[in-house]
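In what follows, a structure is listed as structure tokens, so that the remarks can point back to it.
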Ligand SMILES: Nc1ncnc2c1ncn2[C@@H]1O[C@H](COP(=O)(O)OP(=O)(O)OP(=O)(O)O)[C@@H](O)[C@H]1O
Ligand SMILES: [Mg+2]
């Protein structure tokens, strides 16, 4: 379980000025829950994930995973960064197995599982290719496989499908849901797409900018397993409508 | 390997030969390649011995540069404090003319191979250190963050992210160091040696055997080119991903 209470983050800029990226974040994510985060650019979504990942320390409040305070990156947390972030010198297979090898957790079947994951992501036959030989979308899929291979208890995904075309995006979304169903990881999933958030998540966290905070948390009352036919479901529209209203109302308030 | 390199060199020699003949340039000023060749071939075992002697100094000096520069670069890249302490010392070694240093070393260490190797090392190692440090520090912060997310400590970040990322930079430095090793070896031989191509140049000129001196110069140039090519070949074989990344390296 992920627990954030009263979390705030202030960055000190190079010029000595301070940027308040996040303030007063309270959020509780149950084990195996899928939570999507939407919000305008710069409202602190990536920062929130970095805090939970233990990559940057909180300025205020506390973050716990499974009852222990997050101070450093944890072995059971995996992150998909906003950019693919692949090792340019390693081939696809070695990129995918890199975290496990780095943590000394690679076993004999690691490579087989990696191949299977890559095949599911439509990357069979690309195992020995270098990242620069792949398209941007393919690189991002490699990065997603890399995180999934760790079988994390907490999966942090920062706009993982941002670089994918609409078709691959839908395919990957469903595949992600299937794998998530098998592993039961708690997922924090940042996206710019409201429909993607609603389709994937149990709850959608809507954030508002300057300083970044939670404006609304929208539960999605759609049955699982999800598929794209549910976009016609009234509950889908209700959730999407509520999210849009929150974002728009904030935007309007700002403009006024 | 493309053909344009060899063609350019052959053309150069042909122009040289033609020019010397056409303008009737005297041999003691600029001998023609054919004259250089005949003179060198007349005493080829001697020339070969001098070549091997220089090659030994070059290779030992180059090896010393590699063995010392890489750990030194990792040390410098590991902390700003260490970098601030070591870099000025390195710059000092570079500001001292090696020609001035060589006689001192020979007096201190004796007229043997060691001072020559040290001079070669001193001439060759600095660009290698600078290029390697630049490569180690240029690792993208996202990759460092990825390693941190996988619980990698500073040492692991250095070995698993920074070092591989620095490979193209290191090879850029190695190519410069290979060429400079030849320069360093000759500088050392000029000052104190009884063998080697530098020594051959000096004795030939003392006896007005200009073609032989030119032969030594040509062999030195070929030695530099061969070392440069071998470093490039090793890079392509061992680190095939590296050569394409070369484009990002500023000229050393
Ligand atoms: N390392 C940092 N140093 C200083 N300021 C930072 C740093 N990281 C983020 N910020 C600031 O924090 C705020 C939130 O940034 P963040 O990257 O979390 O936004 P985001 O919601 O992920 O935006 P996007 O949707 O564009 O990715 C921004 O104002 C940004 O300038
Ligand atoms: Mg972001």
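Details
- Only one of the listed residues (A:114, A:106) is farther than 13 Å from residue A:86 by Cβ, within 14 Å of another protein chain (Cβ to nearest Cβ) and touching a helix residue (DSSP H, G or I) at 6+ places or on another chain (Cβ under 7 Å). That residue is A:106.
- Spans of helices (runs of 4 or more DSSP H) in region B:188-252 with at least 1 residues at pLDDT 90 or above: B:197-206, B:210-238
- Taking region A:26-127 as the region of interest, the strands (runs of 3 or more DSSP E) fully inside it that hold 3 or more residues being at pLDDT 90 or above and more than 14 Å from residue A:4 (Cβ to Cβ) are A:34-39, A:77-80.
- Among the candidates A:198, A:187, the residue that is assigned to a strand (DSSP E or B) and in contact with a strand residue (DSSP E or B) (Cβ under 7 Å, 6 or more places away or on another chain) is uniquely A:187.
- Here is the figure for region A:22-47: residues that are away from ligand 1 (no atom under 16 Å from the Cβ) and crowded, with 21+ Cβ neighbours inside 10 Å total 2.
- Counted residues, region B:149-187 - those being in a helix (DSSP H, G or I) and within 15 Å of residue A:87 (Cα to Cα): 14
- The set of residues in region A:48-98 that are out of contact with any helix residue (DSSP H, G or I) (no Cβ under 7 Å at 6 or more places or on another chain), within 13 Å of chain B (Cβ to nearest Cβ), farther than 26 Å from residue A:109 by Cβ and surrounded by fewer than 18 Cβ atoms within 10 Å (Cβ to Cβ) comprises A:57, A:71, A:72.
- Odd one out for residue A:143 among (1) assigned to a loop (DSSP other than H, G, I, E, B); (2) in contact with a strand residue (DSSP E or B) (Cβ under 8 Å, 6 or more places away or on another chain); (3) outside the structural domain of residue A:6 (by TED's automatic domain parsing): (1)
- Residue within region B:125-140 that is under 30 Å from residue A:76 (Cβ atoms), surrounded by fewer than 19 Cβ atoms within 10 Å (Cβ to Cβ) and over 20 Å from the mean Cα position of the chain (by Cα) present: yes
- Considering the conditions (1) in contact with a helix residue (DSSP H, G or I) (Cβ under 6 Å, 6 or more places away or on another chain); (2) within 14 Å of another protein chain (Cβ to nearest Cβ); (3) away from ligand 2 (no atom under 16 Å from the Cβ), residue A:121 is excluded by exactly one of them, (2).
- Of the numbered criteria (1) surrounded by fewer than 18 Cβ atoms within 10 Å (Cβ to Cβ); (2) within 12 Å of ligand 1 (Cβ to nearest atom); (3) in a strand (DSSP E or B); (4) touching a residue at least 24 places away in the same chain (Cβ under 8 Å), the one residue A:19 fails is (4).
- For residue B:208, the criteria (1) more than 14 Å from chain A (Cβ to nearest Cβ); (2) touching a helix residue (DSSP H, G or I) at 6+ places or on another chain (Cβ under 9 Å); (3) surrounded by fewer than 22 Cβ atoms within 10 Å (Cβ to Cβ) hold in every case but one, which is (2).
- Taken as a whole, the condition of being within 19 Å of the chain's Cα centre (by Cα) and either closer than 23 Å to residue A:146 by Cα or more than 16 Å from ligand 2 (Cβ to nearest atom) (or both) applies to residue A:80.
- Any chance residue A:44 is farther than 30 Å from residue B:159 by Cβ and more than 16 Å from ligand 2 (Cβ to nearest atom): no
- Apart from one condition, residue A:149 fits all of (1) surrounded by fewer than 23 Cβ atoms within 10 Å (Cβ to Cβ); (2) more than 16 Å from ligand 1 (Cβ to nearest atom); (3) touching a residue at least 60 places away in the same chain (Cβ under 8 Å); the exception is (3).
- Selection status of residue A:57, out of contact with any strand residue (DSSP E or B) (no Cβ under 6 Å at 6 or more places or on another chain) and either within 16 Å of ligand 2 (Cβ to nearest atom) or on the phi < 0 side of the Ramachandran plot (or both): yes
- Looking across region B:1-51 at every residue that is out of contact with any helix residue (DSSP H, G or I) (no Cβ under 7 Å at 6 or more places or on another chain) and not in a helix (DSSP H, G or I), the one that is nearest to residue B:229 (Cα to Cα) is identified as B:1.
The values are calculated or read from the model by the stated rules, or taken from the named source; none is laboratory data. Computed from a predicted model, the values in this text were never measured in an experiment. Every residue, glycine as well, gets a Cβ built from its backbone with ideal geometry; the counts of neighbours run over all protein chains shown.
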